[in-house]
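The values are calculated or read from the model by the stated rules, or taken from the named source; none is laboratory data. Keep in mind that this is a model prediction, so the values were computed, not measured. FYI the Cβ positions are ideal-geometry reconstructions off the backbone, even for glycines, and counts take in every protein chain you see. Each accessible area value is taken on the protein alone, full model and side chains, heavy atoms only, with ligands, DNA and RNA left out. Shrake-Rupley method; radii C 1.70, N 1.55, O 1.52, S 1.80 Å.
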Amino acid sequence: VQLQASGGGLVQAGGSLRLSCVASGPIFSISWYRQAPGKQRELVAAITSGGMTNYADSVKGRFTISRDNAKNTVYLQMNSLKPEDTAVYYCKAVTFNAAQKWGQGTLVTVSS
């Protein structure tokens, strides 16, 4: 399975962006991680094939993860963005045979 992430960009604080992660095949779950300069990569949100979701406390109420199984695509809607959300965002998939794959990162920059 290959992953293609997109949707990053520059936005002002309070603005919104939607990230997309397209998989080349069926996936069990997809997670979004982010890594800010000088910091460790952290989990942002995750969703299973059944629609169960999980969010980091720092994004609850602002970010929404969703998926379109027919398109093998997962979205991360990011609202009320803050400068501290600035990071490279990565999607990671777990396939139905438990293989893990990372997509390339997409940069999100939130200006104050």
Eligible lysines near Lys60 by straight Cα distance, threshold 21 Å, same-chain separation 8 or greater: Lys39, Lys82, Lys92
Simple Cβ-charge dipole of the chain, Lys/Arg +1 and Asp/Glu -1, about Cα centre, in debye nearest 20: 80
Label point distance in nm, Phe96-Ser111, each placed 7 Å from Cα along Cα→Cβ: 4.6
Inter-label distance, nm, simple model (7 Å from Cα along the C-beta direction), Asn54/Thr73: 2.6
Within a Gaussian network of the chain (alpha carbon springs, distance under 10 Å), most fluctuating of Asp68, Asp57, Asp85: Asp57
Selected from Val44, Val22, Val11 as most flexible by GNM, with the chain as the system and alpha-carbon contacts under 10 Å: Val11
Three semi-axes of the equivalent ellipsoid, the chain, Cα gyration tensor, whole Å, largest first: 23, 14, 12
For segment 34-47, 3J(HN,Hα) per residue [Karplus equation, 6.51 cos²θ - 1.76 cosθ + 1.60, θ = phi - 60°, Hz, x = Gly/Pro]: 9, 9, 8, x, x, 10, 7, 5, 10, 6, 9, 7, 8, 8
Gained length - Gln4 relative to Glu84, 0.36 nm times residue gap less alpha-carbon distance: 26.4 nm
Accessible surface, per residue, of the chain when the full set of protein chains is kept, probe 1.4 Å, Å²: 52
Fluctuation leader among Pro26, Pro37, Pro83 - the chain, Gaussian network, Cα springs under 10 angstrom: Pro37
Average Cα contact separation per residue, segment 40-112, under 8 Å, 6 or more apart, as relative contact order %: 21
Percent carbon-and-sulfur accessible area, the chain, ignoring ligands, DNA and RNA, probe 1.4 Å: 50
